[in-house]
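As structure tokens, the structure follows; a few thoughts come after it.
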Amino acid sequence: MFNPKRLIFIHGLEGTSQGVKARLLRNLFPEMKIPDFSGSLEERMLQLYSIIGNTDNWTIIGSSLGGLMAAMFAVQRPMQVRRLVLLAPALIWPDFAASLTAPIETPTILYHGRHDELIPLLRVREIAHQAFSHLEFIEVDDDHGLYQTVQKIDWREILEKGT
């Protein structure tokens with residue numbers, strides 16, 4: 001069941017808790033967690049483990065590097081994750097595909113822009129279809145930031161799916 005207190009947004013490499021997506025989501029779900037992450041990927045993952053702890057039923061929204069972090073967390077701690085929403089995730093990170101031993105069973109919705117010049121759509125689609133067994137892959141007419149797309153998403157509907 002969807003619980004806004006178990007909802008977290010993970011921003012991208014250069015993002016913050018005050019970015020466009022973070023502000024939009026905070027306005028919709030004031031109880032959600034929107035922390036700032038910094039440092040290397042490993043340091044960011046340690047920060048994420050600390051925030052989530054041993055609690056379960058998390059819905060994780062991740063953008064770009066934050067999408068990679070969300071997917072990595074679901075690989076490492078699948079029982080704690082209820083749903084993933086990935087926004088142009090950096091799944092092309094070399095260690096990600098290599099770390100997969102089986103598809104991730106967590107229900108996952110992935111949005112990727114056809115005009116993304118940072119993270120290649122075709123490669124992400126290929127990796128995502130191998131990585132996630134319950135995947136809804138949505139190509140949109142947008143770029144890497146997905147700023148038009150995030151405004152159009154019915155967030156409540158996609159987050160409450162399956163409840």
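Please specify each residue of segment 145-155 satisfying the condition of being surrounded by 18 or more Cβ atoms within 10 Å (Cβ to Cβ) and not small (G, A, S).
Hits for segment 145-155 are L146, T149, V150, I153.
Any idea how many residues of segment 3-28 are over 16 Å from F73 (Cβ atoms), crowded, with 17+ Cβ neighbours inside 10 Å, among the hydrophobic types (A, V, I, L, M, F, W, C) and in contact with a Leu (Cβ under 9 Å, 6 or more places away or on another chain)?
Number satisfying all stated conditions: 1.
Determine whether segment 98-109 contains at least one residue that is within 15 Å of the chain's Cα centre (by Cα), under 19 Å from N3 (Cα atoms) and buried (at least 22 other Cβ atoms within 10 Å of the Cβ).
Among the residues of segment 98-109, at least one is within 15 Å of the chain's Cα centre (by Cα), under 19 Å from N3 (Cα atoms) and buried (at least 22 other Cβ atoms within 10 Å of the Cβ), which makes the answer yes.
Out of everything in segment 133-163 that is of a type in the set (D, E) and part of a helix (DSSP H, G or I), what residue ends up being nearest to T106 (Cα to Cα)?
Only one residue fits best here, namely E160.
Given the criteria touching a Phe, Trp or Tyr at 6+ places or on another chain (Cβ under 9 Å), assigned to a loop (DSSP other than H, G, I, E, B), in contact (Cβ under 8 Å) with a residue 24 or more places away in the chain and closer than 14 Å to I119 by Cβ, does A90 qualify? Steps first, answer last, please.
Working: touching a Phe, Trp or Tyr at 6+ places or on another chain (Cβ under 9 Å): yes; assigned to a loop (DSSP other than H, G, I, E, B): yes; in contact (Cβ under 8 Å) with a residue 24 or more places away in the chain: yes; closer than 14 Å to I119 by Cβ: yes.
The answer is yes for A90.
Are any of the residues in segment 29-40 buried (at least 20 other Cβ atoms within 10 Å of the Cβ), in contact with a Gly (Cβ under 7 Å, 6 or more places away or on another chain) and within 26 Å of G113 (Cα to Cα)?
Within segment 29-40, not a single residue is buried (at least 20 other Cβ atoms within 10 Å of the Cβ), in contact with a Gly (Cβ under 7 Å, 6 or more places away or on another chain) and within 26 Å of G113 (Cα to Cα).
FYI, it's all coordinate maths here, none of it is from the lab. Only a predicted model underlies this, so the values are computations on that prediction, with no experimental measurement involved. All Cβ positions, even for glycine, are placed from backbone atoms using ideal geometry, and neighbour counts span all protein chains on display.
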